[in-house]
Amino acid sequence: MPADIWTLPAPNRVFVDSVNMRHILRWRPPQAVCNTTVLFSVQYQGEFELLVKNGTWMDVFDCQQIPFAHCDLSFEVGSDSDYDLQVRAQCGSEVSNWTKLGSPFNRRNTQLTVPEMTVKTAGDTLQVLMEEFPLSAAIRVTVWRKDEQQKMEYSLTPEQPMLHIEALQEGKVYCVRAQLMLYSGVRSSSTRPHCVLVTGPEILAWRTPTTVTVTLIIMLGLLFAVFWSVIHCRPGSCKNFLRKKSLPDSLNVKVIPMVEQAHNEEFWEPKPQVLNSDSV
């Protein structure tokens, strides 16, 4: 295509700002007078497009005719192969030539920063939470007791960004540090050790004062109710309130006294006697 067709200057200073597997293509807009907003479009060509699709350039779906001077390519750059990138400007019906990235970009060259994490304890459990999780990466967490050399390593992924370690020893200090790691083996620097004290199960710690407080409140309430009743209860109302009710007729039982008669009479009971022959 003849060069004089491209009447609009092309973007310049094209580069990739890649941090923690987030790849942002940036450029400088052309210095040209435009009656409307200058729009930009971005294309990419990876190893698959170059070898399988015979050098086809693919449009970045979210970066077609955009008014911004940057484009997020984190989704398009999905492998560890080299990618060629290019961008062009458009002002109304005028379009510029494509400006290519100076050299192919590979996501393995991304800059890895030290991960930010929050470490806290809940009873005898240690909790580690990552503040921000990068794409296509894992975070290796190392945990150890401060007075021991043995260390435990765990791997956190975007699907599981939180770590729970239970049944830790009460009264001991545990330390944690983390390191961002790509699947290609590239690693970031490790965080500084973050040490916390494990206080043990918190059940007894809150149960005792809570029980005492509730018991005290109930006792004070009962004492207040009794005191209020004694002061505000009038003699007539208290008498009616405490009046003894008579039993129904069905429950009235007549008690008949039983009089035991004294029998002073002596009863004679005949007894048989045996007589000797001399007395006959």
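The values are calculated or read from the model by the stated rules, or taken from the named source; none is laboratory data. Computed from a prediction, not measured in an experiment: that's the story for all the values here. With ideal geometry, Cβ positions are generated from the backbone for all residues, glycine too; neighbour counts draw on all protein chains shown.
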Enumeration of residues in region 10-27 that are more than 21 Å from VAL114 (Cβ to Cβ) and either touching a helix residue (DSSP H, G or I) at 6+ places or on another chain (Cβ under 6 Å) or charged (D, E, K, R) (or both):
ARG13, ARG26
Flagged in region 73-95 as part of a loop (DSSP other than H, G, I, E, B) and surrounded by fewer than 20 Cβ atoms within 10 Å (Cβ to Cβ), in numbering order, are SER74, PHE75, GLY78, SER79, ASP80, SER81, ASP82, GLY92, SER93
Sort out which residues of region 96-109 are hydrophobic (A, V, I, L, M, F, W, C) and either modelled with pLDDT under 95 or not in a strand (DSSP E or B) (or both), and write them in order of number.
TRP98, LEU101
Filter region 126-151 down to the residues that are more than 19 Å from the chain's Cα centre (by Cα) and loosely packed, with under 11 Cβ neighbours inside 10 Å and list them by number.
ASP147, GLU148, GLN149, GLN150
So ALA122 ticks every box in (1) touching a residue at least 60 places away in the same chain (Cβ under 8 Å); (2) under 22 Å from ARG22 (Cα atoms) but one. Which box is left unticked?
(2)
Residues that are free of Cβ contacts under 8 Å to residues at least 24 places away in the same chain, surrounded by 15 or more Cβ atoms within 10 Å (Cβ to Cβ) and either touching a helix residue (DSSP H, G or I) at 6+ places or on another chain (Cβ under 7 Å) or in a loop (DSSP other than H, G, I, E, B) (or both): does region 55-66 have at least one?
yes
Inspect all residues belonging to region 28-51 and state whether any of them is in contact with a helix residue (DSSP H, G or I) (Cβ under 7 Å, 6 or more places away or on another chain), assigned to a strand (DSSP E or B) and of a type in the set (A, V, I, L, M).
yes
GLY123: passes all of (1) surrounded by fewer than 18 Cβ atoms within 10 Å (Cβ to Cβ); (2) on the phi < 0 side of the Ramachandran plot; (3) out of contact with any helix residue (DSSP H, G or I) (no Cβ under 7 Å at 6 or more places or on another chain) but (2)
Restricting attention to region 9-43, report how many residues are surrounded by fewer than 16 Cβ atoms within 10 Å (Cβ to Cβ) and among the polar types (S, T, N, Q).
5
Residue pairs, Cβ under 9 Å, 6 or more apart or interchain, first in region 15-26 and of a type in the set (Phe, Trp, Tyr), second part of a strand (DSSP E or B). List them.
PHE15/LEU25; PHE15/ARG26; PHE15/TRP27
Residue tally, condition in contact (Cβ under 8 Å) with a residue 60 or more places away in the chain and either outside the structural domain of ALA137 (by TED's automatic domain parsing) or farther than 15 Å from GLN127 by Cα (or both), over region 150-193:
10
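Considering only residues that are among the polar types (S, T, N, Q) and crowded, with 16+ Cβ neighbours inside 10 Å, which ones fall in region 98-120? Before you say what the answer is, go through the steps one by one.
Of all residues in region 98-120, those among the polar types (S, T, N, Q) come to 99, 103, 106, 109-111, 113, 118.
Within region 98-120, THR99, ASN106, THR110 meet the criteria.
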Condition check for MET58: under 28 Å from PRO134 (Cβ atoms), modelled with pLDDT of 95 or more, in contact with a strand residue (DSSP E or B) (Cβ under 6 Å, 6 or more places away or on another chain) and among the aliphatic types (A, V, I, L, M):
yes
